[in-house]
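Quick notes on the structure that follows.
The values are calculated or read from the model by the stated rules, or taken from the named source; none is laboratory data. Just so we're clear, the structure is a prediction, and the values are computed from it rather than from any experiment. All Cβ positions, even for glycine, are placed from backbone atoms using ideal geometry, and neighbour counts span all protein chains on display. Only protein heavy atoms, including side chains, enter the accessible area calculation; ligands, DNA and RNA are left aside. Shrake-Rupley method; radii C 1.70, N 1.55, O 1.52, S 1.80 Å.
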Amino acid sequence: MSDPHRDAIDETLKELAELAKKKRQPNRFHARELLTALGTLLLAADDGPEPPEAERVRAAVAPFEGWEKAVAEEMSLACTEHVQGVDPRFLKHPRFDFDYLVAARERLEARLRAVEALGLSVPEDLLNRVAEADEVVEPYLRERREG
């Protein structure tokens, strides 16, 4: 049975190979696919050995001058979505979609793990804003778990 995360990595690496042939650069959508899929595999591996896909991704993105820019743009957008999504005015709404919020935060965590594994970083101020947003939403999530 195939793994959707490994399949996403394979497909995106094929796209990157085509970009390289055309001397074009990856964009944030390529970064999103690779970071989310790789990060999910890394989180699943937890403290175990790094999945082989990590080295494949490192090798595939190394030739691209625009890779870091694509990652930075994707991480900025993903972090900002989380920060803006936990506005208390929205969290208090009876139909607020907490399931989406939790799933999006999990995808953000996967991206963060992949960025680290690829030897890149996210600006500290952005990480601080994500941590502050997590603190804002935690009481609402706790209430749902206990509720």
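Key figures
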read-out	value
Cβ-Cβ under 7 Å pairs, at least 6 apart or on other chains, segment 115-141 side assigned to a helix (DSSP H, G or I), far side open to solvent by 30 Å² or more (accessible area, probe 1.4 Å) and at pLDDT 95 or above	VAL115/SER121; LEU126/SER76; ARG129/VAL83; VAL130/VAL83; ALA133/VAL83
Unmet requirement for GLU55, which otherwise passes all of (1) open to solvent by less than 80 Å² (accessible area, probe 1.4 Å); (2) part of a helix (DSSP H, G or I); (3) within 13 Å of LEU38 (Cα to Cα)	(1)
Sole residue being touching a helix residue (DSSP H, G or I) at 6+ places or on another chain (Cβ under 8 Å), assigned to a helix (DSSP H, G or I) and more than 21 Å from ALA131 (Cβ to Cβ), chosen from HIS5, HIS82	HIS5
Residue satisfying condition, being touching a Cys at 6+ places or on another chain (Cβ under 7 Å) and open to solvent by less than 30 Å² (accessible area, probe 1.4 Å), within set LEU38, LEU126	LEU126
Test: residue in segment 88-95 that is touching a helix residue (DSSP H, G or I) at 6+ places or on another chain (Cβ under 6 Å), farther than 15 Å from GLU33 by Cα and part of a helix (DSSP H, G or I)	yes
Test: residue in segment 16-25 that is surrounded by fewer than 18 Cβ atoms within 10 Å (Cβ to Cβ), within 22 Å of PRO123 (Cβ to Cβ) and at pLDDT 95 or above	yes
Top-ranked residue in segment 6-15 [being of a type outside the set (Lys, Arg) and within 12 Å of LEU38 (Cβ to Cβ); ranked as most open to solvent (accessible area, probe 1.4 Å)]	ASP10
Residue match in segment 74-82 (condition: surrounded by fewer than 16 Cβ atoms within 10 Å (Cβ to Cβ) and among the polar types (S, T, N, Q))	yes
Residue satisfying all of: in segment 97-120; over 9 Å from the mean Cα position of the chain (by Cα) and exposed (fewer than 15 other Cβ atoms within 10 Å of the Cβ); farthest from PRO51 (Cα to Cα) among these	ASP97
Pair list, Cβ under 6 Å, 6 or more apart: segment 49-62 residue within 14 Å of HIS5 (Cβ to Cβ), other residue open to solvent by 90 Å² or more (accessible area, probe 1.4 Å) and part of a helix (DSSP H, G or I)	none
